[in-house]
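J.: Below you'll find the structure I mean.
The values are calculated or read from the model by the stated rules, or taken from the named source; none is laboratory data. Given the structure is predicted, the values throughout are model-derived calculations rather than measurements. Counting neighbours? That spans all protein chains shown, and the Cβs are built from the backbone with ideal geometry, glycine included.
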Amino acid sequence: MIGCGTLWQELRKGGTQLRVSGAAAGFEVLNRSLQQLVEEHTIGGSSAIRQVMIRGRVQGVGYRAWVEHQAKARQLEGWVRNRRDGRVEALFAGPAAAVADLIVRCRRGPAAALVEAVQDEPAGSDALNLRRAGERFSVLPTI
């Protein structure tokens, strides 16, 4: 029996969900893969810089504008641009949880997009120098 103030966790065998409950909290279901993604993208416990490549039907569907809007809503720094090979490339810098959340959302993208793959890797702060002067987040020309 679980006491009123006791916090318990139940990991479903073979599943991907972690269930957390407490007296005042009720039930909350967390996606374990998102939790792992946040941990993977944490640098020094608080910030991350990730370079992301998105492949699929991601050009001509408003993907860059969507990324810009999503990044600014999370107060992230960085940039986004089309590549001549049909991919979209982006750089996200900021709180690790916000960066990880946006990378997860990039796997879906805007309604008209059809994302086939998203690859991301760590990047250095020098990659932020590609932004336009005075902008926290830039939409860059195609390369």
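J.: For the stretch 49-68, which residues satisfy the criterion of being in a loop (DSSP other than H, G, I, E, B) and surrounded by 17 or more Cβ atoms within 10 Å (Cβ to Cβ)? First the steps, then the outcome.
T.: Step one: of the stretch 49-68, the residues in a loop (DSSP other than H, G, I, E, B) are 58-62.
Passing the criteria: V58, Q59, V61.
J.: Next question, about the same structure. When you go through A93, A71, A97 one by one, which is the residue that is surrounded by 13 or more Cβ atoms within 10 Å (Cβ to Cβ), small (G, A, S), outside any loop (DSSP other than H, G, I, E, B) and in contact (Cβ under 8 Å) with a residue 60 or more places away in the chain?
T.: Working: A93 fails: in contact (Cβ under 8 Å) with a residue 60 or more places away in the chain; A97 fails: in contact (Cβ under 8 Å) with a residue 60 or more places away in the chain.
Only one candidate qualifies: A71.
J.: Which of the residues that make up the stretch 102-115 are touching a residue at least 40 places away in the same chain (Cβ under 8 Å) and surrounded by 12 or more Cβ atoms within 10 Å (Cβ to Cβ)?
T.: Scanning the stretch 102-115 gives I103, V104, C106, G109, P110, A112, A113, V115.
J.: Now for a different question. Is it the case that R64 is under 21 Å from A48 (Cα atoms), under 17 Å from the mean Cα position of the chain (by Cα) and not aromatic (F, W, Y)? Quick ask: steps written out before the conclusion?
T.: On the way: under 21 Å from A48 (Cα atoms): yes; under 17 Å from the mean Cα position of the chain (by Cα): yes; not aromatic (F, W, Y): yes.
It is true that R64 is under 21 Å from A48 (Cα atoms), under 17 Å from the mean Cα position of the chain (by Cα) and not aromatic (F, W, Y).
J.: Between A90, A127, which is in the same structural domain as I49 (by TED's automatic domain parsing), under 19 Å from Q59 (Cα atoms) and at pLDDT 95 or above? Step through it out loud before you land on a result.
T.: Working: A127 fails: under 19 Å from Q59 (Cα atoms).
Within the list A90, A127, the selection yields A90.
J.: With the condition kept exactly as written, say whether any residue in the stretch 22-44 is in a loop (DSSP other than H, G, I, E, B), out of contact with any strand residue (DSSP E or B) (no Cβ under 6 Å at 6 or more places or on another chain), of a type outside the set (D, E, K, R) and modelled with pLDDT of 50 or more.
T.: No: the stretch 22-44 contains no residue that is in a loop (DSSP other than H, G, I, E, B), out of contact with any strand residue (DSSP E or B) (no Cβ under 6 Å at 6 or more places or on another chain), of a type outside the set (D, E, K, R) and modelled with pLDDT of 50 or more.
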